[in-house]
1. Sorted from largest down, what three extents in whole angstroms do the Cα atoms of the chain have along their principal axes?
2. I want to make sure I understand the PRE zone here: with the label point 7 angstrom from the Cα of residue 268 toward its beta carbon, which residues in the stretch 115-149 have backbone N atoms less than 18 Å away?
3. What's the whole-number percent of alpha carbon pairs in the stretch 170-308 lying beyond 28 angstrom?
4. Select from 122, 329, 44 the residue whose mean-square fluctuation is largest in a Gaussian network model of the chain (Cα-Cα springs shorter than 10 Å).
5. Once you have the Cα-Cα distance between residue 232 and residue 96, take 0.36 nm times their residue separation minus that, and quote the gain in nm to one decimal.
6. Could you put 143, 266, 251 in order, starting from the residue whose Cβ has the fewest other Cβ atoms within 10 Å?
7. Given an 8 Å cut-off on Cα distances and at least 6 residues of separation, report the relative contact order of the chain as a percent.
8. Rounding to the nearest 10 and keeping the result within 0 to 90°, find how far the Cα-based axis of helix 3-20 lies from the longest principal axis of the chain.
Amino acid sequence: MTIIDDLRALETEALAAVEAASTSEALEATRVGYLGKKGSLTAILRGLGALSHEERPEVGRVSNEVRTAVESALEAKKAALDGAAREGRIAAEAVDVTLPGRRWPVGRQHVLHEIVDEIVEIFAGLGYQIAEGPEIELDYYNFTALNHPPDHPARALQDTFYVRDLSGDRAVVEGESDVLLRTHTSPVQVHVMEAQKPPIYVLAPGKVYRRDVADPSHLPQFTQIEGLVVDEGITFGDLKGTLEHFVHQMFGPERRVRLRPHFFPFTEPSAEVDVSCAICGGEGCRSCGGEGWLEILGCGMVDPNVFGHVGIDPERYTGFAFGMGAERIAGLKYGVPDLRLFVEGDTRFMHQF
């Protein structure tokens, strides 16, 4: 067999191998096996130097034809495999527009926001207006105008977040700054009474801050809702009736209300309000500590000294104020024993609501 016969046989073999390749990897292996540095065709062509001058032209022509045929077959096969792969990807990624869409989970309000909205709706139904104020307050509005004496424990550094002094040169120590994060939303009431003359019926929801360690019943940041009424002829009976209406709307008409004497600097007389335990109906159980009652808020008649700071005549006008924590109301309403659960962000807990 001559070298030309070897070349033609190799051509037939190579073309068959190219046709049989079913993947790009197999096709590349075929190319290397025949046209690579150590390929079959390359090995034959290395023997051209031993041919006579008369044989070389014909063998060179045939070898070029074989190489060209194999390269053309490789290119055509590669194009076919690439096209098939592309069609496969298109088919796999195709979107059937006739299929129903995937429904994404829909978010909703946080349960604390829902509680605040519910409280606001109850008092809006009684004619209250919503008032807002700054979360960074002056000591005057947070304490002084609310009848807190200079030595009141609430002013202490361990209870209040004081803000760096205005020069920014140093952190403040107790008593050296009159700027702080409000500890209640009562300052909003002072701003309202400064800007508006009676009659006043306002509700002030908002975030407040205290130096409390987070535990089942305390949070360093929480949402407080405070109410203020100032008008002629307002009595403690009006306060009691208002809070009973709120309790029945929020917790149900079967819940009973109890007021216990207490002390707050800006109200006199003052009281803490309890509701009967929903689990035992007031008989006493583990949930209420055997008392039959659960505390929900503080309240009282506005102290005349507070009116003196805002220019309201205490001889003509009287009023009452009350304050509650949204987290505590939510905990009592839904039976949640640990207030930290409301702010930890565990979606498994939040989905219950």
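Only the coordinates and a few stated rules stand behind these numbers; no lab work does. Since the model is a prediction, treat every value here as computed from it, not as a measurement. For neighbour counting, all protein chains shown are included, and Cβ atoms are generated from backbone atoms with ideal geometry for every residue, glycine included.
1. Per principal axis, max minus min of the Cα coordinates gives 134, 56, 38 Å.
2. The answer is 143-149, whose backbone nitrogens lie closer than 18 Å to the label point.
3. 28
4. 44
5. 41.9 nm
6. Ascending number of Cβ neighbours within 10 Å: 251, 266, 143.
7. Relative contact order comes out at 13 percent.
8. 30
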